Amino acid sequence: MSFRIGYGYDSHEFKAGVPLVIGGVSLQHTHGLAGHSDGDVLLHAITDALLGAVAAGDIGSFFPPSDPRWKGANSVIFIEEAMRQIALAGFRVVNVDTTMILAAPKIVPHAAHLRARVAELLRIAPECVGIKAKTPEGTGTDNAAIAHAVVLLESISVEAMLREAEAEADSELSIARAIDGDGVQ
Ligand code: MG
């Protein structure tokens, strides 16, 4: 069994007249989050945490903002690609913890709903999803929503473990060869 951690961060600017979507959930608010996609700051931070945990790049490397295909995109597709990448690497999610920083709306009344939706997307129990929010005291970022996310992954299969063991043995072998002096010059 092996573990990985991942960390992700994102921010989006509030914009009047745009629907607000956070954690895959539509929230009633005067402003939404501007962005090339649906501006779901929380799912973007979680996507980057998942990709980072398996060193698979970041959300922009899979979904470049310059690509018109992702204009107004539902950010659930970003999470789904990140879940595919961690599965390819032989991992699954253990838990995720997040903190959002935004002046409004209050997240607490929606936290249970957000936890349930994020849990569904990450195929874990709601008890394994942390949703926290703070107001931007003294940071001057009332016009933005910011999200931080950390994830823990665990390896999933015997095959994955064997692959890792093989890679480890290979590197030990090359170290041994280098020490013996018959390695690559
Ligand atoms: Mg973003």
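The values are calculated or read from the model by the stated rules, or taken from the named source; none is laboratory data. Computed from a prediction, not measured in an experiment: that's the story for all the values here. Here the Cβ is made from the backbone with ideal geometry for all residues, glycine too, and neighbour counts use every protein chain on show. The accessibility values were calculated without ligands, DNA or RNA, using every heavy atom of the protein model including side chains. Shrake-Rupley method; radii C 1.70, N 1.55, O 1.52, S 1.80 Å.
Observations on the structure shown:
- Some residue of the range 28-35 being open to solvent by less than 30 Å² (accessible area, probe 1.4 Å) and in contact with a His (Cβ under 8 Å, 6 or more places away or on another chain): yes
- Whenever a residue of the range 77-95 is within 16 Å of residue 126 (Cβ to Cβ), its partners that are among the basic types (Lys, Arg), lying with C-beta atoms within less than 8 angstrom and at least six residues away or across chains, give the pairs 93/123.
- Qualifying positions in the range 16-30 - in contact (Cβ under 8 Å) with a residue 24 or more places away in the chain and either farther than 17 Å from residue 98 by Cα or among the basic types (Lys, Arg) (or both): 20, 27, 28, 29
- Sole residue being assigned to a helix (DSSP H, G or I), out of contact with any Lys or Arg (no Cβ under 9 Å at 6 or more places or on another chain), open to solvent by 50 Å² or more (accessible area, probe 1.4 Å) and touching a residue at least 24 places away in the same chain (Cβ under 8 Å), chosen from 44, 113: 113
Residue-wise test of (1) assigned to a strand (DSSP E or B); (2) acidic (Asp, Glu); (3) modelled with pLDDT of 95 or more; (4) crowded, with 17+ Cβ neighbours inside 10 Å.
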{"residue": "26", "(1), (2), (3), (4)": "yes, no, yes, no"}
{"residue": "55", "(1), (2), (3), (4)": "no, no, yes, no"}
{"residue": "69", "(1), (2), (3), (4)": "no, no, no, no"}
{"residue": "80", "(1), (2), (3), (4)": "no, yes, yes, no"}
{"residue": "98", "(1), (2), (3), (4)": "yes, no, yes, yes"}
{"residue": "117", "(1), (2), (3), (4)": "no, no, yes, yes"}
{"residue": "130", "(1), (2), (3), (4)": "yes, no, yes, no"}
